[in-house]
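The next block holds one structure in the form of structure tokens; read it before the comments.
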Ligand SMILES: C[S@@+](CC[C@H](N)C(=O)[O-])C[C@H]1O[C@@H](n2cnc3c(N)ncnc32)[C@H](O)[C@@H]1O
């Protein structure tokens, strides 16, 4: 399957033997992800919804704490789990700079959410930032994950996640760039999303070139390959699990419509 498109395909071919292919949530790309802001609409909806259910939150795939930190700053106790050591270390650095009273509301664990087994139950379990699209290729395992989530919910608790509804047809985002100059290096990062260039997929392409102060030059590339999930995919998925869809809210953020979805134990959905 093709993973690079447009100028990224050209760069990948041109520097084929000079490029290091690394993971999207590793090293330079974790650092790049860390520059993404939390849109105020996203923060508001998560905080508003969480407030309706309680203060004890588990954030699956918490990454660099883009949402974890604002939740803790708003009085929630947040446990986060993630599979990227680099993303978790960015979160840890931010936590160190918080007042002690907020620091103690955040706990992180390194691990794979598909093996979720915590000795605790939560008011709310979150999977933000369209991360469900990264986990959606292995449907059988995703259904198992939904059932693990159900086991980790307190009575009356809920699972909240989001995805985006995308128009059909090929579409590419504008190219985003990040230029950095520090004492130790100068770096240029380019990023672009390609929707439906591979049918039903949203492929993100990333390229960073780094010139170190000692003269070393690095080129790194990565891609994300997400399933473009739809309402009917989500309905079908949940129909095979112990959770049911209780609420869906569609909100325009940036160029896309985001679908915030709340799921509860099936027995609690239809009270
Ligand atoms: C799009 S980022 C979301 C980060 C953060 N929740 C946010 O709102 O910005 C996706 C995160 O999922 C993590 N991830 C992907 N697969 C995972 C898995 N199987 N178990 C745990 N974390 C995973 C990645 O390491 C990455 O930090």
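Bear in mind these aren't lab numbers, they're just calculated from the coordinates by the rules spelled out. Treat the numbers as computed from the prediction; the structure is a model and nothing was measured. Here the Cβ positions follow ideal geometry from the backbone for every residue, glycine too, while neighbour counts run over all protein chains shown.
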Given an 8 Å cut-off on Cα distances and at least 6 residues of separation, report the relative contact order of the range 156-207 as a percent. 29
Just to be sure I understand the model, the point goes 7 Å from the Cα along the line to the Cβ. What's the resulting residue 117 to residue 216 distance in nm? 3.9
Can you give me the Kirkwood hydrodynamic radius for the range 1-132, using every pair of distinct Cα atoms, in Å to one decimal? 16.3
Specify the angular offset, from 0 to 90 degrees and rounded to the nearest 10, of the alpha carbon long axis of helix 85-96 from the longest principal axis of the alpha carbons in the chain. 70
Given the C-alpha centroids of the range 67-137 and the range 22-37, what is the distance between them in whole angstrom? 16
Between the range 218-271 and the range 165-182, what's the alpha-carbon centroid distance in Å? 22
Along each principal axis, Cα extent of the range 183-271, largest first, Å: 65, 30, 26
Over all Cα pairs of the range 1-40, the Kirkwood radius sets Rh, and Rg/Rh then becomes 1.09
Percentage relative contact order, the chain, counting C-alpha pairs under 8 Å, at least six apart: 18
Once the piece of chain linking residue 249 and residue 16 is laid out straight, how much longer is it, given 0.36 nm per residue of separation minus the C-alpha distance between them? 79.5 nm
What is the spin-label model distance, in nm, from residue 183 to residue 98 if the labels are put 7 Å beyond Cα along the C-beta direction? 2.9
Quick one: Debye curve from the C-alpha atoms of the chain, no solvent, what's log10 I(q)/I(0) at q = 0.07, 0.11, 0.17 Å⁻¹? -0.27, -0.66, -1.45
Over all alpha-carbon pairs in the range 92-198, figure out the percentage whose distance exceeds 25 Å. 49
So what is Rg over Rh here for the range 145-237, counting just Cα atoms and using Kirkwood for Rh? 1.17
